[in-house]
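Input: a single structure, listed below in structure tokens.
The values are calculated or read from the model by the stated rules, or taken from the named source; none is laboratory data. This one's a predicted model, so the numbers in the text were calculated from it and none came from an experiment. In this analysis, Cβ positions are derived from the backbone assuming ideal geometry, glycine residues included, and neighbour counts consider all displayed protein chains. Side chains are part of the model used for accessible areas, which takes the heavy atoms of the whole protein and leaves out ligands, DNA and RNA. Shrake-Rupley method; radii C 1.70, N 1.55, O 1.52, S 1.80 Å.
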Amino acid sequence: GAGVSQSPSNKVTEKGKDVELRCDPISGHTALYWYRQRLGQGLEFLIYFQGNSAPDKSGLPSDRFSAERTGESVSTLTIQRTQQEDSAVYLCASSAGGNSGNTIYFGEGSWLTVV
Amino acid sequence: AQSVSQHNHHVILSEAASLELGCNYSYGGTVNLFWYVQYPGQHLQLLLKYFSGDPLVKGIKGFEAEFIKSKFSFNLRKPSVQWSDTAEYFCAVGGTYKYIFGTGTRLKVLA
């Protein structure tokens, strides 16, 4: 696609429910990133995919968070048993290769509110 | 540990004023440096980047940044801001594959 596409753009969920956030990267981009941005804070790295594998999951905050990527394309970030502190914007980004010499392009984010 | 510090969290300027946003990083290796901007209601987009060569890099919309290796800094500058520059600005450092972002600076330009 022309840009990184994320869905849903907004999600309100009850505490304890599971949510799935989807990211469709730019076509041909092998690297995919998930970041989280809490209100008033910077971007927090969550996970990096190169192709379908995730060499760096170090930013996932707890075992309630998981992500997968299939077909070197779409990625899904899943948050189980959501908590209020999970409320944030979840940003997906992609780049042409797995080194920071490539520009990363961001989607518009998925705003998650846990009530 | 890798980190990026942006010391100015909120900046308010009048139109035509000069802008300088500070960015310092900590990283033990060769880095690539970026400034991203997020206009209200829009997604993050690249403003400029430094990989190598001339430490003074020019980006879109009249922005520039200077890489000073000895100070581990990559400050963003613009000689004369416009109301349309109102946005949040993020400095980022890229290592092998990971990009570390600062906490951002919210710039408000008064017309």
Quick query: amide H of B:THR86 versus all other amide H atoms, modeled in the peptide plane; which residues come in under 5 Å with a sequence gap of 5 or more or a different chain? B:VAL109
Pairs of Cα atoms farther than 23 Å apart, chain B, %: 22 percent
List, in order, the whole-Hz ³J(HN,Hα) value for each residue of region A:12-18 obtained from phi through the Karplus relation with A = 6.51, B = -1.76, C = 1.60 and θ = phi - 60°; use x for Gly and Pro. 10, 9, 7, 3, x, 7, 8
In the Gaussian network model of chain A, springs joining C-alpha atoms below 10 Å, which of A:ILE104, A:ILE26, A:ILE47 carries the largest mean-square fluctuation? A:ILE104
When the charge dipole of the protein assembly as shown is computed with +1 at the Cβ of Lys and Arg and -1 at the Cβ of Asp and Glu, the Cα pointing farthest to the positive end, of B:SER52, A:SER58, A:LEU77, is that of B:SER52
Under a point spin-label approximation (7 Å from Cα along Cα-to-Cβ), what is the B:LEU46-B:GLU88 distance to one decimal in nm? 2.2 nm
From the residues A:GLY109, A:TYR48, A:ASN10, which one has its Cα farthest along the dipole of chain A in the positive direction, the dipole being from +1 and -1 charges on Cβ of Lys/Arg and Asp/Glu about the Cα centre? A:ASN10
In region A:42-84, trypsin sites (Lys or Arg not before Pro) in a DSSP loop with at most 14 other beta-carbon atoms within 10 Å: A:LYS57, A:ARG64, A:ARG81
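What average number of partner chain Cβ atoms lie no more than 10 Å from the Cβ of the residues making up B:39-45?
4
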Fraction of alpha-carbon pairs over 23 Å apart in chain A - percent: 22 percent
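What share of the DSSP beta bridges in chain B is antiparallel, in percent to the nearest 5?
Numbers: 33 of 38 bridges.
Percent antiparallel among DSSP bridges in chain B is about 85.
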What ranking of B:HIS10, A:HIS29, B:HIS43 comes out by heavy-atom accessible area, probe 1.4 Å, highest first? B:HIS10, B:HIS43, A:HIS29
In region B:1-73, which trypsin sites (Lys or Arg not before Pro) fall in coil by DSSP and have 14 or fewer other Cβ atoms within 10 Å? none
Among DSSP bridges having both ends in chain A, what percentage is antiparallel? Round to the nearest 5. 90 percent
Cut-off under 30 Å on the C-alpha distance; same-chain residues fewer than 8 positions from A:LYS11 excluded. Which lysines are left, in chain and number order? A:LYS57, B:LYS98, B:LYS108
Modelled label-to-label distance, B:ILE12 and A:SER58, 7 Å Cα→beta-carbon offset: nm? 4.0 nm
Taking every residue of B:89-99, the Cβ atoms of other protein chains inside 10 Å of its Cβ average out to 5
Read phi for every residue in region B:26-34 and hand back ³J(HN,Hα) as whole Hz from Karplus 6.51 cos²θ - 1.76 cosθ + 1.60, θ = phi - 60°, with x for Gly and Pro. 10, 7, x, x, 5, 10, 10, 10, 9
Please list, by residue number, every one of the GluC sites (Glu not before Pro) in region A:55-115 that is coil in DSSP and has at most 10 other beta-carbon atoms within 10 Å. none
GNM on chain A, C-alpha springs below 10 Å: top fluctuator among A:GLN41, A:GLN50, A:GLN84? A:GLN41
Subtracting the Cα-Cα distance of B:SER5 and B:THR96 from 0.36 nm times their residue separation yields 30.8 nm
Give the shape of the protein assembly as shown as rounded, prolate or oblate, defined through the alpha-carbon gyration tensor: a ≥ b ≥ c are the square roots of its eigenvalues, a/c under 1.5 means rounded, and otherwise the shape is prolate if a/b is larger than b/c and oblate if not. prolate
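Inside 10 Å of the C-beta atoms of B:101-107, what's the mean count of C-beta atoms belonging to other chains?
For this peptide, the per-residue mean of nearby foreign Cβ atoms is 3.
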